[in-house]
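The values are calculated or read from the model by the stated rules, or taken from the named source; none is laboratory data. These numbers come from a predicted model, not from an experiment. Cβ placement follows ideal geometry from the backbone for every residue including glycine, while neighbour counts extend to all protein chains displayed. All accessible areas refer to the heavy atoms of the entire protein, side chains included, with ligands and DNA or RNA removed. Shrake-Rupley method; radii C 1.70, N 1.55, O 1.52, S 1.80 Å.
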Amino acid sequence: MQKVLIIDFGSQTVQLIAKTVRQHHIYCEIMPHYASFNKIKEYSPSAIIFSGGNNSCYEASSPTIDKAVFDLGVPILGICYGFQLMSHLLGGTVTPSQKGEFGKTEVVLVGKSQLFEGVDDKFDVTMSHFDSVTTLPTEFTLTSSTANCKYASAECLSKKLFGIQFHPEVTSQFGQIILGNFLYKIAGLAGDWSLGEFVKSTVEQIKQRVGNKRVLCAFSGGVDSAVSAMLVHQAVGDNLFCIYVDHGFMRQNETEEVLQIFKQEKGLNLIAVDAKEHFMSKLKGVTEPERKRKIIGEEFIRVFEKEAKKLGNISFLVQGTIYPDVIESGSGSGEVIKTHHNVGGLPSVMDFEGLIEPVRCLFKDEVRSVGLELNIPMQIINRQPFPGPGLAVRIIGELTQEKVDIVRQADHIFRQEMQESKVENVWQYFAVLPDVLSTGVMGDKRTYAHTVALRAVCSVDAMTAEWAHIPYDVLERTSQKITNNIRGVNRVVYDITSKPPATIEWE
Ligand code: XMP
């Protein structure tokens, strides 16, 4: 398979570069800039792209790369910092500019370049830089300029090295064409990678690896674990055992729906464990959010292990890891805001011959497309993100069955109302029980009852989020339905905080 390697120099848009390459039907992976030269060579890429980055390449502590990469004979495209670093390492100069360039900027082509075939002589690009290349390495020729940046792009044809100061990966006039020219015309790639092919080859690889052995999967019914399980199921059939743990904090009808689809319709060997009472007893008296999350994570492992032991003789474990998890876990460590509980990635304590992560190289939208190829129903494919500990982290303070029931019903009413009103472009919406009682009046009687908070956010990757400006009439109807139908609730509020400073979930 032809593969493109993207070297990440700390770019905000590195995943966008990867997605654009894949949209051209070419498989690619991202490696951090500190990957060794041997690792890069072993990967055997057909082309390499250097990403942008926010450092100055002439400073000693800035990300760099072994110069031997330029002698691999593989075409390289340097974007922004990538272009500057390429120039710097090959004998050119990079200096801070008098004026930076940010946002939409006009580029004028100089001479002819294969990289710009099919592109107008003048066009708008997205720039974001203070530093610029000010002298080119020998053998490089100028191919475009802007008013403030003489070397907006340059190339060394004999070595197939190309550099552009602007960002073709962000939505722009000719960005797709320029990257396409690099991939198809310069690197000569065929563009024959497709998700259909991916399904076929992945199933085949799993078959070869597993043979007649038995495989276990922690199955949450979310799109990542569902697609992973269905791929493994195609390869090993009844030798796959999926365990679905109902900890009692699932959404309305969720367990029934998951069992109906995957057990009845898709024929998965799906074992549903009703552990509601077990979880509730372990959480009695617990109010601290991180302790709640840890207990749920740990108890999940215990229940899972117990079931696995009953089955016995399991050689492989399936995990629904996706590519952003792989990239993120490879790049430094940030402050722990919340201990995320994922059903994948848990049983490190168990003894398996190996892990199977069928979608570890795919982005979320690609996982969804594979889900469509596998005929997984839309309600699963388009499911909103749902935290592993479920509704438990949407109830502040101690959990009781009454509170779980209230938040589940409120969540159901809100989700139904949003769907019926066709509110679009909202990343996630749900109800929270802040454990606040307040005075109300219902049927001429004083009440002292629960407040439900509604939360709806717009986001791209959940790292940041804006509170969603959903229509007042939708909020009004939701509020009325909640107070009319759920006993013990006399007040509904809407959360108008973005992330940061808040997080999406309340705990
Ligand atoms: P926060 O609350 O950290 O949430 O802003 C970001 C996104 O992650 C989801 N989330 C989780 N997902 N296990 C998960 O698999 C968890 O423990 C967990 N906690 C939060 C949250 O719903 C949002 O989409």
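Element breakdown for the stretch 218-327 at a 1.4 angstrom probe: carbon and sulfur atoms account for 46% of the accessible area. Taking amide hydrogens as placed 1.01 Å from N in the peptide plane, the amide H of ALA468 sits under 5 Å from those of ALA456, VAL457, CYS458, each at least 5 positions away in sequence or on another chain.
Each part gets one Cα centre, and for the stretch 1-35 versus the stretch 110-154 those centres are 22 Å apart. Once the 1.4 Å probe is applied to the protein heavy atoms, the stretch 137-246 comes out at 37 Å² accessible per residue. Long-range amide H contacts for THR134: which residues qualify at under 5 Å (H placed 1.01 Å from N, peptide plane, sequence gap of 5 or more or a different chain)? Under 5 Å from the amide H of THR134 lie the amide H atoms of THR93, VAL94, THR95, each far enough along the sequence or on another chain. With the simple model of a label 7 Å out from the Cα in the direction of the Cβ, LEU437 to LYS41 spans 7.2 nm. Got a sec? Which residues in the stretch 209-235 would a label at GLU353 touch, if it sits 7 Å along Cα→Cβ and we count backbone N under 14 Å? From the stretch 209-235, the list is 209-216. Counting only DSSP beta bridges with both residues in the chain, the antiparallel share comes to about 50 percent.
In the stretch 164-206, the portion of solvent-accessible area held by carbon and sulfur atoms comes to 54 percent [1.4 Å probe, whole percent, DNA, RNA and ligands not counted]. Amide H to amide H, with H built 1.01 Å from N, ALA152 comes under 5 Å of SER144, SER145, THR146, counting only residues 5 or more places away or on other chains. Treating each Cα of the stretch 448-507 as an identical point scatterer and summing with the Debye formula, the log10 of I(q)/I(0) at q = 0.30 Å⁻¹ comes to -1.17. Working ranking of peptides 363-373, 448-458 by packing, defined as the average number of other Cβ atoms within 10 Å per residue, highest first, is 448-458, 363-373.
Helix 364-373 and the longest principal axis of the Cα set of the chain meet at an angle near 70°. Pairs spanning more than 28 Å between alpha-carbon atoms, out of LYS39/LYS364; LYS3/LYS263; LYS207/LYS294; LYS3/LYS364; LYS266/LYS309; LYS39/LYS159: LYS3/LYS263; LYS207/LYS294.
In sequence order, the stretch 310-315 has phi-based couplings of 4, 6, x, 6, 9, 9 Hz under the Karplus curve 6.51 cos²θ - 1.76 cosθ + 1.60, θ = phi - 60°, and Gly or Pro positions carry x. Projected label points at GLN260 and GLU298, each 7 Å from Cα along the beta carbon direction, are separated by 3.7 nanometres.
Could you tell me which of the pairs LYS284/LYS499; LYS160/LYS185; LYS67/LYS150 are separated by over 19 angstrom between their Cα atoms in the structure shown? Don't skip to the answer; put the middle values down first.
Details: LYS284/LYS499 30 Å; LYS160/LYS185 11 Å; LYS67/LYS150 25 Å.
Correct reply: LYS284/LYS499; LYS67/LYS150.
Between the helical axis of 223-236 and the longest alpha-carbon principal axis of the chain there is an angle of about 80 degrees.
Compared with the rule-of-thumb size 2.2 N^0.38 Å for a compact globular protein, the chain has a Cα radius of gyration ratio of 1.13.
Using a probe radius of 1.4 Å on heavy atoms only, what accessible surface per residue do you get for the stretch 267-313? Whole Å² is fine.
Numbers: 2640 Å² over 47 residues.
On a per-residue basis, the stretch 267-313 sits at 56 Å².
The Cα center of the stretch 365-419 and the Cα center of the stretch 293-316 differ in position by 23 Å.
For the stretch 464-504, with every protein chain kept in place, what is the accessible area per residue (1.4 Å probe, Å²)?
Values: 2520 Å² over 41 residues.
Averaged over the residues of the stretch 464-504, the accessible area is 62 Å².
3J(HN,Hα) couplings calculated from phi for the stretch 392-402 with the Karplus curve 6.51 cos²θ - 1.76 cosθ + 1.60 (θ = phi - 60°) are, in sequence order, 4, 8, 10, 10, 7, x, 5, 8, 9, 4, 4 Hz; Gly and Pro show x.
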